[in-house]
Structure formats: structure tokens, C-alpha cells
1. Assign unit charges at the C-beta atoms only (+1 for Lys and Arg, -1 for Asp and Glu), then state the dipole size of the chain relative to its Cα centre in Debye, rounded to the nearest 20.
2. List the GluC sites (Glu not before Pro) within region 180-222 that DSSP assigns to loop and that have no more than 10 neighbouring Cβ atoms inside 10 Å.
3. Which of Leu72, His246, Asn61 sits farthest toward the positive end of the charge dipole of the chain, with +1 on the Cβ of Lys and Arg and -1 on the Cβ of Asp and Glu?
4. State the label only: which of (1) 24.2, 90; (2) 26.1, 89; (3) 32.0, 118 corresponds to Rg and Dmax of the Cα atoms in Å computed from the shown model?
5. Evaluate the relative contact order of region 241-339 (contact order divided by residue number), counting alpha-carbon pairs under 8 angstrom at least 6 apart; express in whole percent.
6. Output the 0 to 90 degree angle, nearest 10, between the alpha-carbon long axis of helix 76-100 and the longest principal axis computed from the alpha carbons of the chain.
7. Of Ile41, Ile98, how do they rank once you tally other Cβ atoms within 10 Å and put the fewest first?
8. Taking only C-alpha pairs under 8 Å that are 6+ residues apart, what is the relative contact order of the chain in percent?
Amino acid sequence: MFKAIFPVSFSKLPLPIILIGVFYLLNPVISYLATAYVSGIPFWEFTSLVKLFSVRALGLNLVGFVLGVGILGVKRWGYFLFLFFNFLLILHGFYLLISFGFTQQFIWNLFVTIFPFVLNLYFLNREISTPYLTLIPRGFRKKWRIEVPLTGKVLVEGGSTSYSLKSMDISPTGILAKVDGMILPESKVIITLDLDEEWSVDAEMVRIENGNYGFKFLYLSTDPRFKVLDKFLSTKLLPRFTTRRHVKIIGESGSVENSEIINISERGFFFTSTNPYSISQEISFDFSLFGMNFSSKGAISWENKEGKFEKPRGYGVSFKDLDKNFVFQIALYVFSLIHGIRRQRDR
């Protein structure tokens with residue numbers, strides 16, 4: 001029964017989820033003990049203490065307990081009930097601010113308004129909301145995922161046939177991939193990816209999403225393979241800042257193309273183009289950020305000639321030395337604060 005109520009292991013819940021869920025779950029107990037302390041009635045005199053609670057207070061405590069179960073149990077109804085409950089708290093906070101204004105209670109009223117708003121923003125985050133909205137129980141991603149087309153193969157444990165694999169998104173703890181074959185749920189497999197060098201790991205198939213297979217890597221964070229993949233993703237597949245700005249591309253032959261950057265990171269960018277470029281081809285480029293002009297050299301690091309992955313046709317560029325430019329790093333950091341980060345498929 002416990003597994004039915006809490007299908008996702010608590011070890012797979014982010015710490016904020018655990019703290020929020022436990023708080024709501026224990027809210028009736030906290031309220032009960034606080035009432036006993038304030039009233040001076042011994043906490044074991046249950047009947048006398050319950051009579052002190054209004055119907056509204058009893059209802060709120062019941063809702064709090066149910067919310068705690070829904071949040072810790074990663075339930076869809078718990079997710080929407082939580083958002084709605086906090087929305088009511090926000091409206092109540094606004095009412096307090098308007099009614100009492102800059103009185104002695106202003107700081108508390110402001111907290112009552114802002115705190116549930118922050119909680120709703122946290123739960124609306126894609127990495128937090130997805131486990132609640134999916135029909136298949138799953139844990140939370142402890143590391144970011146990046147949508148990037150890595151290739152490799154997958155071999156079912158005990159089998160002799162390997163299937164080709166192409167990642168849809170990946171993190172150091174798992175991968176969502178398109179597989180050229182059928183794999184049964186909970187199958188143990190060996191996944192091999194083409195990084196800078198061949199990389200293999202034991203994995204388990206945990207879900208199917210739109211025909212793609214989700215695999216959980218079966219290793220600890222202390223495993224050297226974890227560190228290899230983590231370094232690969234953090235250095236070569238950095239989160240990108242979404243932007244659209246003009247860039248001038250100069251090829252090895254001196255040809256000039258006026259194009260558009262659609263995302264950029266501290267180590268490279270992706271630009272639109274239908275012209276032929278080859279992997280590792282060196283180019284020069286020129287673009288501006290906050291009115292500052294940046295000219296440097298780079299190399300074509302990946303191509304998207306068919307316009308896949310929700311991107312137009314174009315190429316990814318790795319910087320040769322612009323990533324060491326202090327002014328560019330400061331400008332990019334300020335850009336991220338203003339516009340926010342949207343993780344994109346990397347080069």
C-alpha cells in the first residue's frame with residue numbers, strides 16, 4: 001500500500017520537494033501542538049483541543065495533509081491542488097497588503113504574498129512539473145538534460161544483437177533516445193555512446209515517451225564514467241542562451257555569408273545557413289552583443305543540414321579563443337541575467 005501511495009522513492013525527490021511535502025504533511029501536527037502550547041491545555045487532551053479549532057482551521061489542516069501526500073506521492077491531482085492552493089494564498093496576501101498597507105504587519109503580509117508565488121514558480125519549472133504530469137511514475141532529474149543528437153548503440157543484456165541509438169536528450173544520469181529496435185520495459189542493457197572516445201555504461205529501460213526509450217544509467221556519481229560524461233556535457237554541450245542576432249561568417253576560402261545566430265553559449269553558437277560547411281572547418285565570424293563587437297575564429301563542430309531538432313538548417317560553431325575573452329564572458333553573463341537561460345541543443 002505504501003508503494004501505491006508513494007510510487008517514487010524519496011531518494012529520487014529533490015530536497016525542496018521533500019521539505020515542502022513534509023511540511024504540509026506535518027502541518028496538522030504542528031498546528032495541534034501550537035494550539036496546545038498557546039491554550040495551556042495538555043496535548044493529550046485531544047477532545048478539548050479539537051474543539052478550539054474552527055471548521056475553517058480543520059479544513060485547512062486537512063487540505064495541508066492531503067497536499068503533503070500528493071506532493072510526496074508525485075500525484076497529478078496533488079500538483080494541481082498545490083498550484084491552486086498557493087494561488088489562493090497569493091490572492092489572500094494581496095488582500096492583506098491592500099487592507100493593512102504599511103502597518104506593523106507589512107513584512108509578514110508581503111511574505112505571505114511572495115512565498116507562495118515563489119513556490120508556484122518552482123513547481124512550474126519543467127524539470128519539476130514533468131514527473132507530476134506524466135502517466136508513468138518516474139523520479140526527478142538530478143542533473144540538467146541537454147537535447148543533442150549523440151549516436152551510439154544499445155545491447156540488451158544476454159542478447160547478441162545491438163541496435164543503433166540516437167539521443168533526444170541526455171544528462172549524466174540518463175538518456176532519452178530513439179532506438180532502431182524494440183526493448184521491453186525494465187530491460188537491462190549496455191549503452192555505448194560516441195563521445196570524444198567510445199563510452200559504455202550499464203543501463204535500465206525505465207519509460208517509453210512518444211516512441212522513444214528512456215534509460216537510467218546504472219552507476220554511482222563516484223564512477224569515473226559519470227565524471228567523463230559530466231565533463232563532456234559541461235564543456236562541450238553547455239546550456240545555450242536563446243537570441244537572434246546578425247553574424248558575418250567568413251569561410252576558409254574567403255567567402256562571406258551574412259547569417260543569424262539563434263543561440264549562443266560561452267564556448268560557441270549555432271547559426272542558420274544552407275551553404276555547405278564541413279565538420280572541423282575553420283571559419284571567422286563577427287557579431288555584436290550589447291553594442292560591443294566580437295570578432296574571432298572558430299570551427300564547425302556539428303551540422304543540422306536537414307533542419308531537425310526544432311532548429312532551422314545550420315551549423316554549430318566552437319570558439320577557438322573567444323571563450324577566453326573576459327569582456328565577452330561578462331557581456332554573456334549580463335545577457336543571461338536579462339533574458340534568462342533556455343537550454344538548447346548544443347553543438
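1. So the dipole magnitude of the chain works out to roughly 660 debye.
2. In loop regions of region 180-222 (DSSP not H, G, I, E or B), the sparsely surrounded GluC sites (Glu not before Pro) are Glu186, Glu197.
3. It is Asn61, whose Cα lies furthest towards the positive end.
4. Checking each listed value against the structure points to (2).
5. 24
6. 70
7. Listing Ile41, Ile98 from fewest to most nearby Cβ atoms yields Ile98, Ile41.
8. 10
Bear in mind these aren't lab numbers, they're just calculated from the coordinates by the rules spelled out. As the structure is a prediction and not an experimental result, all values here were calculated from the model. Note: ideal-geometry Cβ built from the backbone for every residue, glycine included; neighbour counts use all protein chains shown.
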